[in-house]
Amino acid sequence: MEKQMKIAVAGMGYVGLSNAVLLSQYNPVYAVDILPERVDEINRRQSPVADSELESYLKEKSLNLLATTDAEEAYGNADFVIIATPTDYDTEQSRFDTSSVEMVIDTVMRMNPRACIVLKSTVPLGFTDEMQARYRTGCILFSPEFLREGRALHDNLYPSRIIVGLDTCNPVQQEKARIFAGLLKAASLKEEVPILYMGPTEAEAVKLFSNTYLAMRVAFFNELDTYAEAFGLDTESIINGVCLDPRIGNHYNNPSFGYGGYCLPKDTQQLLANYGNIPNCIMTAIVRANQTRKDFIAGQILKKSPEVAGIYRLTMKADSDNFRHSSILGIMRRLEMKGVKLVIYEPAVKADSFLGMRIIRDLEEFKQISDVILANRYDRQLADVRGKVYTRDLFQCD
């Protein structure tokens, strides 16, 4: 096992918190966030995000973990600073907004230029090289993250692969990359984990192309489902027949209202923007396919002529409390524009309304008032009103 390293992690969303908890099993870790309430939660050993393994590890494991809003305290003596701050997609710039990442890099370089910075935030292709050129004396690596919301710690404990992007001709970066990969491997529970070293832009590309492929797979089975529903065919039979081909595989094939969540929509848009004038058909189609699917789903609901449509959960996935960029939001906008009244059942929302739409906390009242209920993922709680429910969830999985 690698010797202990002092580590700071900036940004306590799914990526940052799961890395902080993972590495604090064997290393002293500062968890940095700008929200005092989030810092307080972590120090009380409560997870600010919905993730059963994160909640369990925070409560039950002996972790060398301290959360703070004090950047100087966290970064001042760190050997590694992991940056996992948000990079929302800016549609006007056709680029991720990397301002939060750049701010942390600048802060670390001023406070502790000897620290090795590891970018976990998803960034545009070439960003790591751009930052390394700006801070020539620093060490900036890129290590893409492959996790699911609600299973973030699990996917770090059992990683599919560990990738570190570095200047492969730089011996200092070679050593730092080896140490960092070793820290991740030592903290995992998986015996054999592939570790890949490559250039930083190649590592950035792995992240964007991986998520775009997943979006493509979601879009493919959604369009298969669209065809089947339009012609009254049994979608499940077709998918089962298709997916028994071992080259295709029986996974990630459950129809939905569209790919969504924080990563897939923005990562597909960023990759398409990076293509620029480079010829492509598939990448453009993947982005457009999601809008087409939402148009179709909204159209199917409108055929039912509901006065009131109930939205059962805004979240994309089971056991998640995150509904940023959820595909249901686009369908809601389409229905609202057609004059359909919308009500929402969503326990994760504490307010009385969302986007001007009423939140109903009583599930029975929600069922009674709704003419049709949209559920991206079906729940047994809806069994008594199954005739009202519109879902494309065939396999009860994400």
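The values are calculated or read from the model by the stated rules, or taken from the named source; none is laboratory data. Keep in mind the model is a prediction, meaning the values are calculated, not measured. Neighbour counts run over all protein chains shown; Cβ positions are idealised from the backbone, glycine included.
Values for this structure:
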read-out: Candidates K190, K185 - the one that is in a helix (DSSP H, G or I) and not small (G, A, S); value: K185
read-out: Every residue from the stretch 50-72 that is outside any loop (DSSP other than H, G, I, E, B) and either exposed (fewer than 15 other Cβ atoms within 10 Å of the Cβ) or of a type in the set (A, V, I, L, M) (or both); value: S52, L54, S56, L58, K59, E60, L65, L66, A67, A71, E72
read-out: Condition met for L224 (within 19 Å of the chain's Cα centre (by Cα), modelled with pLDDT of 95 or more and in a helix (DSSP H, G or I)); value: no
read-out: Every pair of residues 6+ apart whose Cβ atoms lie under 6 Å, when the first sits in the stretch 181-203 and is closer than 19 Å to L119 by Cα while the second is modelled with pLDDT under 95; value: G182/E2; L183/E2
read-out: One residue from R377, R361 being under 23 Å from G260 (Cα atoms) and either touching a His at 6+ places or on another chain (Cβ under 9 Å) or part of a loop (DSSP other than H, G, I, E, B) (or both); value: R377
read-out: Residue in the stretch 230-237 that is under 24 Å from Q93 (Cβ atoms), among the hydrophobic types (A, V, I, L, M, F, W, C) and either surrounded by fewer than 18 Cβ atoms within 10 Å (Cβ to Cβ) or outside the structural domain of I328 (by TED's automatic domain parsing) (or both) present; value: no
read-out: Residue among P265, P200 that alone is closer than 30 Å to L141 by Cβ, in contact with a His (Cβ under 6 Å, 6 or more places away or on another chain) and either surrounded by 17 or more Cβ atoms within 10 Å (Cβ to Cβ) or not assigned by TED's automatic domain parsing to the domain that holds V15 (or both); value: P265
read-out: Flag for V39 being in contact (Cβ under 8 Å) with a residue 12 or more places away in the chain, in contact with a Gly (Cβ under 6 Å, 6 or more places away or on another chain) and either outside any loop (DSSP other than H, G, I, E, B) or of a type outside the set (D, E, K, R) (or both); value: no
read-out: Answer from L147, L66, L125, L141 - the residue that is under 15 Å from A20 (Cβ atoms) and either outside the structural domain of K190 (by TED's automatic domain parsing) or touching a Leu at 6+ places or on another chain (Cβ under 9 Å) (or both); value: L147
read-out: Residue in the stretch 287-298 that is under 30 Å from K350 (Cβ atoms) and touching a strand residue (DSSP E or B) at 6+ places or on another chain (Cβ under 9 Å) present; value: yes
read-out: Condition check for F366: crowded, with 21+ Cβ neighbours inside 10 Å and of a type in the set (F, W, Y); value: yes
read-out: Candidates L157, L166, filtered to the one that is assigned by TED's automatic domain parsing to the domain that holds A78, surrounded by fewer than 20 Cβ atoms within 10 Å (Cβ to Cβ), in contact with a helix residue (DSSP H, G or I) (Cβ under 9 Å, 6 or more places away or on another chain) and not charged (D, E, K, R); value: L157
